[in-house]
1. Of the residues TYR113, TYR128, TYR72, which single one is aromatic (Phe, Trp, Tyr) and over 22 Å from ALA19 (Cα atoms)?
2. Is it true that some residue in the range 107-120 is of a type in the set (Ser, Thr, Tyr), more than 34 Å from the chain's Cα centre (by Cα) and surrounded by fewer than 21 Cβ atoms within 10 Å (Cβ to Cβ)?
3. Go through SER43, SER35 for me and flag whichever is farther than 30 Å from LEU144 by Cα and either among the aromatic types (Phe, Trp, Tyr) or touching a residue at least 60 places away in the same chain (Cβ under 8 Å) (or both).
4. For the range 164-201, what are the residues that are open to solvent by 10 Å² or more (accessible area, probe 1.4 Å), within 39 Å of the chain's Cα centre (by Cα) and either within 17 Å of SER34 (Cβ to Cβ) or at pLDDT below 90 (or both)?
5. Out of the residues in the range 60-73 that are open to solvent by less than 70 Å² (accessible area, probe 1.4 Å) and either touching a residue at least 40 places away in the same chain (Cβ under 8 Å) or in a helix (DSSP H, G or I) (or both), which is farthest from THR213 (Cα to Cα)?
6. If only one of LEU53, LEU14 is over 24 Å from TRP190 (Cα atoms), open to solvent by less than 10 Å² (accessible area, probe 1.4 Å) and aliphatic (A, V, I, L, M), which one is it?
7. Mind listing whichever residues of the range 247-268 are open to solvent by 30 Å² or more (accessible area, probe 1.4 Å) and free of Cβ contacts under 8 Å to residues at least 60 places away in the same chain?
8. Report yes if ILE205 is more than 23 Å from ILE123 (Cα to Cα) and either in contact (Cβ under 8 Å) with a residue 60 or more places away in the chain or surrounded by fewer than 18 Cβ atoms within 10 Å (Cβ to Cβ) (or both), otherwise no.
Amino acid sequence: MSASGGTKAIVAALGANLAIAVAKFVAFLFSGSSSMLAESVHSLADSGNQGLLLLGGKKAKREATPQHPFGYGRERYIYAFLVSIVLFSVGGMFAVYEGYEKIKHPHEIEAWYWPVGVLVFAIIAEGYSFRTAIKESNETRGALSWTEFIRRAKAPELPVVLLEDFGALIGLVLALAGVGLAIGTGDGVWDGIGTLCIGILLIAIAIVLAAETKSLLLGEAAGTDQVEKIKAAVVDGDTVTGIIHMRTLHLGPEELLVAAKIAVQHDDTATEVANAINAAESRIREAVPIARVIYLEPDIYSETAARAGTNPAKEPGGSTAVPSASAGHDAPTPNAPTPNAPTPNAPVPNAPDELSAPAPATDAPPAPAAPEEAPDTPADPTDSGH
């Protein structure tokens, strides 16, 4: 989503809401309709919301600083979240309170043509603003449905304007219905019911906006199509043979961080690896221009180590380089005992008794004395079986 496209929709909505807020308030002064008062506060809150979006867009353009090295792109998410709070508190809760009071203490609408005329004018003005937001959104929405676009959009401005304008149109219809029923029946309770419905509608929209902007504030990954483009750009099939794992994060609506551990050949030189990383970064930026912060870490990937890891699906190959197959990392450790091989000097099963008899201990008693006819000399120690 381009910043200029979002700004155009915001400015259109701001102009429409300011004009509508003034007209509704004038109609409230002449008619006393609580629906008109709730709608005037609603339009005033919407005008403030558009001001917050413009302010957030301006602050997000500041240059990065040592304290904020990744810039201020998320300012736009913060101000969009503030919009949801303002819409909930100022718009929704006030309308609910005003509707409750009007139901509890109803009064007849005076000068009915004022609220009816203003509501018709407001529907036309809000319709123009809504049409502008739809036109700007269609330029980036692609094949996504409107629900998917609002949920997946990384730039918050157009989804906010779309939901606000949609809520405003529905609210105007509810206000017109409440005023019409109050005029037709002479019962001001219908005016209060219409106001109450407007408040509930605004609260529901505020909750949806808060949930979506909260997800953006927490940090969302790149879209599926962008991730696939990045993966295809990283691998060159020569030096970079694959991606071990990869993470992406939106630092702002139009700024993406990419961090990946890439597999390289075990015999590549440092110069070859550095050149391959630089080339991969260039290909990534060409495929996905918003990928402005890229970190690529080379590693020697090992299928054996990946299978032996504690969580191969999450981080195959581990966090440290694994020797390649040519270096013998899959071979048995030298001098290690071979399974099922007999231990040296161990008795051999089923051998003859004379072969399996244990050797005499070194501390055995001396051999018995030789017969009398033998020379009277000491026995040779080597004959003792040591």
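The values are calculated or read from the model by the stated rules, or taken from the named source; none is laboratory data. These figures come from a predicted structure and were not determined experimentally. Reconstructed Cβ throughout: ideal geometry from the backbone, glycine too, with neighbour counts over all protein chains shown. For the accessible areas, the whole protein counts, side chains as well, though only heavy atoms, and no ligand, DNA or RNA atoms are used. Shrake-Rupley method; radii C 1.70, N 1.55, O 1.52, S 1.80 Å.
1. That would be TYR72, the only listed residue that is aromatic (Phe, Trp, Tyr) and over 22 Å from ALA19 (Cα atoms).
2. Yes, because at least one residue in the range 107-120 is of a type in the set (Ser, Thr, Tyr), more than 34 Å from the chain's Cα centre (by Cα) and surrounded by fewer than 21 Cβ atoms within 10 Å (Cβ to Cβ).
3. After applying the criteria, what remains is SER35.
4. Correct list: VAL173, LEU174, LEU196, CYS197, ILE200, LEU201.
5. Ranking the qualifying residues of the range 60-73, first place goes to GLY71.
6. Working: LEU14 fails: open to solvent by less than 10 Å² (accessible area, probe 1.4 Å).
So the residue among LEU53, LEU14 that is over 24 Å from TRP190 (Cα atoms), open to solvent by less than 10 Å² (accessible area, probe 1.4 Å) and aliphatic (A, V, I, L, M) is LEU53.
7. ARG247, LEU249, ALA259, GLN265, ASP267, ASP268
8. In short, no.
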